[in-house]
Amino acid sequence: MTDPSIIRRLYGRRQGHKLRQGQSALVEDMLPRLSVPEDGPIDAMRLFGDDRPLHVEIGFGAGEHLAGQAAANPDIGFIGCEPFLNGVVGALGHIRDGALDNVRLYMGDALEVIERLPDESLDRLYLLHPDPWRKARHAKRRMVNHGPLDTIAAKLKPGGEFRLGTDDPTYCRWSMMIMDQRRDFTWQARTPADFLTRPDDWPETRYERKARRQGHEVWYFRYIRD
């Protein structure tokens with residue numbers, strides 16, 4: 001079993017290119033209002049003021065999928081977790097442009113947020129195009145490992161959904177191996193088309209478009225919490 005603490009080591013830079021003035025203003029003005037509280041238990045009531053369903057996205061990139069889901073599901077509360085500032089800025093732009101009031105953001109380790117949620121409180125969790133850590137010695141850093149999955153399973157409701165997307169063959173094979181060892185998730189695929197075709201309610205991300213331009217296959221996995 002993978003130690004969940006290994007995932008908490010956020011490797012690499014937290015910021016890429018220097019922010020423009022407008023981007024800095026988004027961070028200063030919007031992020032404090034939309035940020036998940038730093039301390040204490042969290043739930044839908046604390047975050048959104050009502051007992052709505054909750055979805056979490058781990059590593060939302062530039063926020064296209066997060067914003068698309070939030071726009072299509074205004075009665076659901078979305079928690080987006082992303083350690084990199086430039087990605088958070090992208091999400092803030094989508095939230096502003098879409099006038100979305102059902103999104104909260106956390107710039108840091110997603111597991112720190114997920115662990116603070118009540119057990120069996122999530123309806124869905126998204127992990128799309130995570131860092132594949134292709135080298136075998138780095139496999140313990142992958143989010144799809146039993147330690148993080150134990151936490152995810154505890155927080156998903158029975159019947160809740162875990163969605164995983166990747167264009168990396170190594171990560172695809174690894175994820176199928178790890179998830180096949182679980183007895184608390186059921187893979188929803190019945191035919192190859194079920195994981196080779198993006199579901200209609202799965203907004204495309206820039207990473208997915210880039211992968212297709214490069215000729216990569218993309219795999220879409222849907223697991224139900226038993």
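With 0.36 nm allotted per residue and the present C-alpha distance subtracted, the T186-D43 stretch has 48.9 nm of extension available. Which value, in Å² and to the nearest 10, is the accessible area of D39 when all protein chains are kept and the probe is 1.4 Å? Taking all protein chains as shown, D39 has close to 120 Å².
Compute a Gaussian network model of the chain, connecting alpha carbons closer than 10 Å, and tell me which residue from T191, T170, T205 fluctuates the most. Of T191, T170, T205, the Gaussian network model singles out T191 as fluctuating most. Excluding ligands, DNA and RNA, the accessible surface per residue across the chain is 49 Å² with a 1.4 Å probe. Every helix of 4 or more DSSP H residues in the chain counts as -39500 (n - 2.57), and over all residues that averages to -9500 deg cm²/dmol at 222 nm. Here M176 sits with roughly 70 square angstrom of accessible surface, probe radius 1.4 Å. Relative to its Kirkwood radius, the Cα radius of gyration of the stretch 46-160 gives an Rg/Rh of 0.97. Largest first, the residues E64, E204, E38 sort by 1.4 Å accessible area into E38, E204, E64. Rg/Rh for the stretch 138-226 stands at 0.96; both radii use Cα atoms, and Rh follows the Kirkwood definition.
Measuring r between the beta carbons of A136 and D200 and using R0 = 30 Å, the FRET efficiency lands at 0.25. For the chain, what class follows from the C-alpha gyration tensor (a ≥ b ≥ c being the square roots of its eigenvalues): rounded when a/c is under 1.5, otherwise prolate if a/b is larger than b/c, else oblate? Taking the square roots of the gyration eigenvalues as a ≥ b ≥ c, the chain is rounded. The stretch 22-104 gives an Rg/Rh value of 0.93, both radii derived from C-alpha positions and Rh following Kirkwood. Considering only beta bridges that DSSP places wholly inside the chain, some 30 percent are antiparallel. Could you tell me which of A62, A211, A189 has its Cα farthest along the dipole of the chain towards the positive end, charges placed at Cβ (Lys, Arg +1; Asp, Glu -1), taken about the Cα centre? Result: A211. Compute the distance from the alpha-carbon center of the stretch 75-105 to that of the stretch 118-180, in whole Å. Centre-to-centre distance over Cα atoms comes out at 21 Å. Among the trypsin sites (Lys or Arg not before Pro) in the stretch 38-133, none sits in a DSSP loop with a Cβ that has at most 14 other Cβ atoms within 10 Å. Note on H216: accessible area is roughly 80 Å² with a 1.4 Å probe, heavy atoms of protein only.
Extension gain for S35-D226 works out to 65.6 nm (0.36 nm per residue, less the C-alpha to C-alpha distance). Under a Gaussian network description of the chain, with springs only between Cα atoms under 10 Å, the residue in P130, P53, P83 that fluctuates furthest is P53. Given q = 0.21 Å⁻¹, what are the Debye log10 I(q)/I(0) values for the stretch 107-158, with equal point scatterers placed on the Cα positions and solvent ignored? Summing over Cα pairs of the stretch 107-158 leads to -0.82. Taking the accessible area of the stretch 108-226, probe 1.4 Å, and keeping the other protein chains in place, the carbon and sulfur fraction comes to 48%.
The values are calculated or read from the model by the stated rules, or taken from the named source; none is laboratory data. Keep in mind that this is a model prediction, so the values were computed, not measured. As a convention, Cβ positions derive from the backbone with ideal geometry for all residues, glycine included, and neighbour counts pool all protein chains shown. Just so you know, the surface numbers come from the protein's heavy atoms only, side chains and all, with ligands and any DNA or RNA stripped out. Shrake-Rupley method; radii C 1.70, N 1.55, O 1.52, S 1.80 Å.
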